[in-house]
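To start, the structure under review is shown below, and the notes come after it.
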Amino acid sequence: MKRIFNKKVIICLIIFILLIVLTLITFFNPFLFIKISGNKNIIVSVNEELKLPSVKAYIFNKDITKNIEESGKVDTTKIGEYKIKYTIKYLLTTKTVTMKVNVVDKELPEIKLIGNSEVIMCPNVEYIEEGYTALDNYDGDITDSVIINKSSDYIEYTAEDSSKNKTSIKRTLIRKDEEIPSITLYGNINNKVVLNSSFSDKGYSATDNCDGDISSNIEVINNVNINQLGTYEIIYKVKDSSGNETSVTRIVEVVEQSKSGFYTNIVEGPTYINGILIVNKNYSIPSNFGGTNSEATNALYELQNAASLAGFSMPLLSGYRSYYTQQYLYNSYVNTYGRESADTFSARPGHSEHQTGLAFDVGSIDDYYGDTPAGIWLKENAHYYGFIIRYPKGKEHITGYKYEPWHIRYLGVDVATDIYNKGVTLEEYLGL
Ligand SMILES: [Zn+2]
């Protein structure tokens, strides 16, 4: 009885165990599996080819890979985390393996500069942006998000893409000014001035590539001694803010009247250039030439009337002078002052404009007449009546005469106005 019982129990037990094994195999079959040869977590760069490890399925060592069901798709053109599910079924057993694919962007954006990456520029000048572009493999044009960091020595451009990849580049600003300023001298560089006359500087200016107009910084070293024969230099020096220095020189030769070129190679006239009669130290007129000139005299009356209306008395001091009157005058000056000196203010006979009847001395024979209200009025209005101030200040080397604010020459309104506007002497106007 005990044995039978034992036998039954054993059979039941075996059946029971078989049932359990059958159930396990049906629902949780351990001989069914998916094998991935490689990493289940894959990282791939955007737009790159995705290489997945091989996936195989087995049941009782039999390859049933073809039965694998695959779900999930990876778009390698889009950043993100993707899942691919591999499912294999056998009887009532289902096994699943999931692979993770991360599509990432690890590429840095690229910044391109318009203009040079090294710019040489003046100190203390702000750099004017020439432009730049930022392109990212994934985000495209990200120029607008570029961050700019400025210093006096560089401009730093930083671009960051949506995956936090950051690029920085620098534009180097080389601050230096090695260019010297430039000085411009107005008037002649080489000047000949008659002894004991005057030399007036026509002016100067200086510009610098970095500092602009630095005329006021010009230092002038002027040792001209008008009362002593010799060759003198006027030196103009200027330095820019970076210490670049330059200098230019004007030459002033103080010469004797006789060596100035005046009264040499005399052209015996009367000489008319463009219809204008020229009488000076190099152009003479014969002793019988000249006389009073009614047109010039009438113009003088108009000038005097206008001066009077403006409140100035402008008396005629000397008009037409004959050759012989001039000869007498000149000789008496030579006797008193010597020939050298007399030549600076008195014409030799045959060389005086007064002999033409076209020249007048008005107002006052006074070196400072040109600074008086009447003298200023004359200077500014004479051309309206056809006259010019014949021997202006600073033109002694051209006219051969000291400044004579009282001596006017009739030329007619058109020519006088033209000469006035050009600010030249009659000699310069006629190209002599
Ligand atoms: Zn005169």
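The values are calculated or read from the model by the stated rules, or taken from the named source; none is laboratory data. Not measured: the values here are computed from a predicted model. Quick reminder, even Gly has a Cβ in these numbers, built from the backbone with ideal geometry, and neighbours come from all protein chains shown. Accessible surface areas use protein heavy atoms only, side chains included; no ligands, DNA or RNA. Shrake-Rupley method; radii C 1.70, N 1.55, O 1.52, S 1.80 Å.
Bin width 10 Å, origin at 0, all Cα-Cα pairs of the chain: what percent of pairs per bin?
Reading upward from the zero bin: 4, 13, 14, 11, 7, 6, 6, 6, 5, 5, 5, 5, 4, 3, 2, 2, 1, 0, 0.
Report the Cα centroid-to-centroid distance between the range 1-79 and the range 113-181 in angstrom, as an integer.
For the range 1-79 versus the range 113-181, the Cα centre distance is 60 Å.
If I measure Cβ to Cβ between cysteines in the chain, which ones have no partner under 4.7 Å?
Cysteines lacking a close Cβ partner in the chain: 12.
Using the Kyte-Doolittle scale, which helices in the chain average at least -1.0 and also have C-alpha atoms spread 27 Å or more along the helix axis, with helices defined as whole DSSP H runs?
2-28
Using only C-alpha positions, report the orientation-averaged shadow area of the convex hull of the range 303-396, nm², one decimal. Before the final figure, lay out each step's value.
Details: hull surface 25.4 nm².
It is 6.4 nm².
Whole number in Å², please: accessible area per residue of the range 267-338, 1.4 Å probe, ligands, DNA and RNA not counted.
57
Leaving ligands, DNA and RNA out of it, report the carbon-plus-sulfur percent of the accessible area of the range 110-175 at a 1.4 Å probe.
Carbon and sulfur together cover 48 percent of it.
Could you go through the range 193-208 in sequence order and give the Karplus-derived ³J(HN,Hα) for each residue, using 6.51 cos²θ - 1.76 cosθ + 1.60 with θ = phi - 60°, rounded to whole Hz, and x for Gly and Pro?
The phi angles translate into 10, 6, 3, 6, 8, 9, 10, 10, 6, 7, x, 7, 8, 9, 10, 10 Hz.
Output the relative contact order of the range 182-255, whole-number percent, from Cα pairs under 8 angstrom with separation of 6+ residues.
Value for the range 182-255: 36 percent.
Can you give the percent of C-alpha pairs in the range 195-236 whose distance is more than 17 Å? If you can, show how the numbers build up before the last one.
On the way: 381 of 861 pairs.
Cα-Cα pairs in the range 195-236 separated by more than 17 Å: 44 percent.
Which sequence of 101, 224 reflects their accessible areas, 1.4 Å probe, from the largest down?
Per-residue accessible area, sorted high to low, gives 224, 101.
Give me the lysines in straight-line cross-link reach of residue 35: C-alpha distance below 27 Å, same-chain residues under 8 apart excluded.
51, 56, 62, 66, 73, 83, 85, 89, 95, 100
Take the Cα atoms of the range 158-199, build their convex hull, and give its volume per residue in Å³.
Given the Cα convex hull of the range 158-199, per-residue volume reads 124 Å³.
Under 20 Å Cα to Cα from residue 237, which aspartates and glutamates show up? Leave out anything in the same chain fewer than 8 places away.
Output for residue 237: 177, 178, 179, 201, 208, 211, 213, 219, 245.
At each listed q (0.17 Å⁻¹), what is the log10 of I(q)/I(0) that the Debye formula gives for the range 60-151 modelled as equal alpha-carbon point scatterers?
Debye curve over Cα of the range 60-151, log10 I(q)/I(0) at q = 0.17 Å⁻¹: -0.88.
Among the GluC sites (Glu not before Pro) in the range 82-182, which ones are in a DSSP loop with at most 14 other Cβ atoms within 10 Å of the Cβ? Mind listing them? It would help to have the intermediate numbers written out before the result.
Numbers: sites: 107, 110, 118, 126, 129, 130, 156, 160, 178, 179; in loops: 107, 126, 129, 130, 178, 179.
Passing sites in the range 82-182 are 126, 129, 130, 178, 179.
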